[in-house]
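Beneath this line is the structure, given in structure tokens, with notes to follow.
The values are calculated or read from the model by the stated rules, or taken from the named source; none is laboratory data. This is a predicted model, so every value here is computed, not measured. Neighbour counts are summed over all protein chains in view; Cβ atoms, including those assigned to glycine, are modelled from backbone coordinates with ideal geometry. In case anyone asks, the SASA skips ligands and DNA or RNA and just uses the protein heavy atoms, side chains included. Shrake-Rupley method; radii C 1.70, N 1.55, O 1.52, S 1.80 Å.
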Amino acid sequence: MESKRTLDSHTILYGVFGDPIRHSRSPIMLNRAFQETGVNAAYAAFHVTQQGLGDAIRGIRSLGYRGINVTIPHKVEVMQYLDEIDEGAQVIGAVNTIVNDAGRLIGYNTDGIGYVRSLKEETGIELQGKTVLLLGAGGAARGIAYALAKEGAACIYIANRTKERAVELAGTIGGFTKAIGLGLDELEQVIGDAELIVNTTSAGMHPNVDELPMSADLLRSHHLVSDLIYNPRITKFLRVAEALGARIHGGLGMFIYQGAYAFEYWTGTPAPVGAMRQVVEQSLAE
Ligand code: NAP
């Protein structure tokens, strides 16, 4: 239910720190969530440079901000300023959500779990026992590989343009499930086993919309093909996969659900996901 909001001296404050930040859709999404649930809160975007990060984090405590999201380029650097880091964020090596618990700053990473919640709710997939092919080994891949392992994926192949990064990530994820690092030229040997293929690379993202993260010849109709990119909403990789008869899953849900988890950590209230999605879709269409 939508309710009227008034900012007053009880308003609880939230925000996002990043550089650049003016493109961020987190403020419209989270403010819509507060409005929908009738929480007296406000969420703003802060342009925080690398040099200003330490002061900005200390400001969370001194100004009594209840929660902060952290985005590019601060997700790794921010960790040194926090009092506690959740196990998942430690393994991933990055934080995107800070909870201020009475002056104690706790860091979480909601990207990977947000992705998995979106994948399960939008496709109905059961991840237990599945074999997954992850394309890419960057920051987003780390969170997703960890979340998929925690969901019980039986084997995760990680293939990256720079093979060493894939092997290094497979070493970390190997503590949670079977994980194998590969180069992009080794896909033919493993792709037949994979049920889920996830593009975590930036190949295909605006403005390089004609790029593919792997050769489309290897895709089959039994694959569920997922792409983290949501600009464009449906990438060329997903269009090609769909034309081959494969099921597809786009990246917008990951953005919505990483914000939904942050909202839930901060407020203890279930996130109004439908309203959050509606306002982001509307903003992307403008
Ligand atoms: P990142 O840390 O910079 O990693 C980029 C990855 O893409 C690396 O594995 C890189 O390989 C690979 N790559 C880049 N260009 C490539 C190309 N032309 N061909 C093959 N591989 C290529 O970036 P990130 O933060 O992980 O983000 C990756 C993507 O996920 C971006 O498109 C981003 O928009 C998307 N994302 C979406 C959400 C969401 O909410 N939906 C959240 C986070 C990220 P090398 O190691 O060889 O350089």
- Spatially proximal lysines relative to K150 (Cα-Cα < 27 Å; intrachain offsets below 8 disregarded): K75, K120, K130, K163, K178
- Bounding extents of segment 112-250 in its principal axis frame from Cα atoms, largest first in Å, are 35, 32, 26
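So how strong a dipole does the chain carry about its Cα centre when Lys and Arg Cβ are +1 and Asp and Glu Cβ are -1, to the nearest 20 debye? Write out the running numbers ahead of the final one.
Values: 25 positive and 31 negative charges, 92 e Å.
In total the dipole reaches around 440 debye.
Taking the Cβ of T235 as the centre, find all other residues whose Cβ is under 14 Å away and add up their charges (Lys, Arg: +1; Asp, Glu: -1). Show your work: numbers first, answer last.
Numbers: positive: R233, K236, R239; negative: D210, E211, D227, E242.
Charge balance near T235 sits at -1.
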- Query: Which residue, Q258, Q35, Q128, has the most motion in a Gaussian network model of the chain that connects Cα atoms within less than 10 Å?
  - Reply: Q128
- Message: As I understand it, the dipole of the chain uses +1 on the Cβ of Lys and Arg and -1 on the Cβ of Asp and Glu, about the Cα centre. Which of T162, G59, I98 lies farthest toward its positive end?
- Response: G59
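Ignoring ligands, DNA and RNA, what percent of the 1.4 Å accessible area of the chain is carbon and sulfur?
Working: 6340 of 12840 Å².
Carbon and sulfur: 49 percent of the exposed surface of the chain.
Tell me, what is the per residue accessible area of the chain in Å², probe radius 1.4 Å? All intermediate terms of the calculation are to be shown ahead of the outcome.
On the way: 12840 Å² over 286 residues.
Result: 45 Å² of accessible area for each residue.
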- Message: Given all pairs of different Cα atoms, what value in angstroms does the Kirkwood hydrodynamic radius of segment 1-105 take?
- Response: 14.4
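Need one word for segment 20-79: rounded, prolate or oblate. Basis is the Cα gyration tensor (sqrt eigenvalues a ≥ b ≥ c); a/c below 1.5 gives rounded, then a/b vs b/c decides.
oblate
Send over the Kirkwood Rh of the chain, from the inverse of the averaged 1/r over different Cα pairs, rounded to one decimal Å. Please list the in-between numbers first.
Details: mean 1/r = 0.0511 Å⁻¹.
Hydrodynamic radius (Kirkwood, Cα only) of the chain equals 19.6 Å.
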- Starting from 0 in steps of 5 Å, tell me what percent of the Cα-Cα pairs of segment 184-258 lands in each bin. 3, 17, 29, 26, 17, 7, 1
- Compute the separation of the alpha-carbon centres of segment 219-286 and segment 105-169 and state it in Å as a whole number. 15
- At q = 0.12 Å⁻¹, what log₁₀ I(q)/I(0) does a Debye calculation on the Cα points of segment 73-141 give, no solvent, two decimals? -0.40
- Determine the percent antiparallel among the DSSP beta bridges restricted to the chain, to the nearest 5. 20
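Evaluate the charge dipole of segment 112-250 about its Cα centre and quote only its size in Debye, nearest 20, assuming +1 on the Cβ of each Lys and Arg and -1 on the Cβ of each Asp and Glu.
On the way: 14 positive and 16 negative charges, 66 e Å.
Using only the charged Cβ atoms, the result is roughly 320 debye.
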